[in-house]
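Worksheet: one structure, shown below.
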């Protein structure tokens with residue numbers, strides 16, 4: 001059985017929940033909003049709140065394709081099951097939003113399975129700390145720049 005690594009963090013964005021939600025669920029604009037993590041994103045199938053997405057993302061200095069099956073939770077965020085065979089990972093991602101006295105709370109969890117043994121050995125000790133630091137710089141700091149007044 002392959003071990004899951006759970007990444008988790010919470011942040012406050014001093015902006016209304018609707019604004020944070022709209023930006024975080026406008027996936028095709030992620031390359032514009034978050035160029036450090038998204039090179040291209042294409043919604044290839046769109047149901048009512050269910051999307052199938054093909055993306056080219058950036059992480060750990062590499063670019064790689066990711067397929068995402070994403071469910072938008074209206075007014076609350078999204079959940080997504082992601083596969084990246086080239087990078088050797090799969091995972092379940094949850095970005096949940098709630099109102100907070102200071103603005104909007106982002107509660108982010110990503111459970112990742114690293115399928116490549118060599119990558120698991122190298123990445124496992126560092127992935128949690130580095131991934132969350134990188135996500136904060138690449139996504140959360142950009143949200144703050146664009147939405148906080």
Modelled FRET efficiency - R0 22 Å, residue 133 with residue 14, Cβ distances, 0.05 increments: 0.60
Convert 10 °C to kelvin, take the viscosity as 1.306 mPa s, use the Kirkwood radius over C-alpha pairs of the chain as Rh, and evaluate the Stokes-Einstein diffusion coefficient in µm²/s, rounded to a whole number. 101 µm²/s
To the nearest 500 deg cm²/dmol, what mean residue ellipticity at 222 nm is calculated for the chain from DSSP H runs of n ≥ 4 alone, each contributing -39,500 (n - 2.57), summed and divided by the residues? -7500 deg cm²/dmol
At what distance in angstrom do the alpha carbon centres of the range 11-77 and the range 135-149 lie from each other? 14 Å
Volume per residue (Å³) of the convex hull spanned by the alpha carbons of the range 1-41 is 131 Å³
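Every number here is computed from the coordinates shown, using simple stated rules; none is lab data. Keep in mind the model is a prediction, meaning the values are calculated, not measured. Counting neighbours? That spans all protein chains shown, and the Cβs are built from the backbone with ideal geometry, glycine included.
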